[in-house]
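Written below as structure tokens is the structure these notes are about.
The values are calculated or read from the model by the stated rules, or taken from the named source; none is laboratory data. Not measured: the values here are computed from a predicted model. In this analysis, Cβ positions are derived from the backbone assuming ideal geometry, glycine residues included, and neighbour counts consider all displayed protein chains.
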Amino acid sequence: MSIISFSSSHEMRLGFSLLLLLFSLCGAMTTALNITALSSRNGYSVLECWQLASVPVDAMAAANYALGNTTVATWSTIKPRTTVGEAWAPHVQLSMILNGLIRITSPSPESANSSDSITSINSSENSLRPATTVAYIMPGTTKSSLLIAADLRSTSHITGHYTEFPSDEPTVLIQVPFMDNLAPEHIVLHDGPCL
């Protein structure tokens, strides 16, 4: 008993091509792009692992992911051993680290916040404070060298994140803002950075 039957060699080649396409699509769908993200929750900056909804398209021997509409990219060089302190994303943006190291603590430790950035945290807001998480962003793998920063000051109005560049070398970044501050479509896999 035959499960698949073909009446001609042309139909057989077409059927085989469709099977190959199906298998390649199944493989592509399982190759998700996971990126560490700085987001906002209950007024606090938090680190999360996002899985982007973008499905890779194979072209020219590469898996290509559409990330969304972007604006002008910026090349940034930060001096060695720089501490920025409490910060927020200036725009919803993708950051790619090419050299150096970024240490991000989120939400920013309470002792790092100045009195003017915390005007009045009452006990109900404090009970919503997420656990502190640390991420190291460095050149290497996709999971270690990419960050989506989406914790705008307007949404992380209680506390931002804390940023340090502890490397003995300059940290070099490419920062690519998303148009209209719209993050790529995604699901949150878990709290904390992607591992």
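Answer yes or no as to whether Pro80 is modelled with pLDDT of 95 or more, touching an Asp or Glu at 6+ places or on another chain (Cβ under 9 Å) and not in a strand (DSSP E or B). Can you show your working first?
On the way: modelled with pLDDT of 95 or more: yes; touching an Asp or Glu at 6+ places or on another chain (Cβ under 9 Å): yes; not in a strand (DSSP E or B): yes.
So Pro80 passes the test.
Residue check: is His161 under 18 Å from Ser54 (Cα atoms) and either β-branched (Val, Ile, Thr) or under 18 Å from the mean Cα position of the chain (by Cα) (or both)? Can you show your working first?
Working: under 18 Å from Ser54 (Cα atoms): no; either β-branched (Val, Ile, Thr) or under 18 Å from the mean Cα position of the chain (by Cα) (or both): yes.
Answer is no for this residue.
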Test set (1) within 23 Å of Val72 (Cα to Cα); (2) surrounded by fewer than 18 Cβ atoms within 10 Å (Cβ to Cβ); (3) not basic (Lys, Arg) - Gln175 fails condition number: (2)
Residue pairs meeting the criteria (Cβ under 7 Å; at least 6 apart or on separate chains; first more than 16 Å from Ser95 (Cα to Cα) and assigned by TED's automatic domain parsing to the domain that holds Pro90, in segment 166-183; second at pLDDT 95 or above and part of a strand (DSSP E or B)): Pro166/Arg103; Glu169/Asn99
So Leu128, is it farther than 14 Å from Thr105 by Cβ, touching a His at 6+ places or on another chain (Cβ under 9 Å) and in contact (Cβ under 8 Å) with a residue 12 or more places away in the chain: no
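Quick one: would you say Asp151 is crowded, with 21+ Cβ neighbours inside 10 Å, at pLDDT 95 or above and among the charged types (D, E, K, R)? Walk me through it before giving the result.
Values: crowded, with 21+ Cβ neighbours inside 10 Å: yes; at pLDDT 95 or above: yes; among the charged types (D, E, K, R): yes.
When the stated conditions are applied, Asp151 passes them.
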Single residue of segment 103-134 satisfying the filter (modelled with pLDDT of 90 or more and among the β-branched types (Val, Ile, Thr)) that is surrounded by the most Cβ atoms within 10 Å (Cβ to Cβ): Ile104
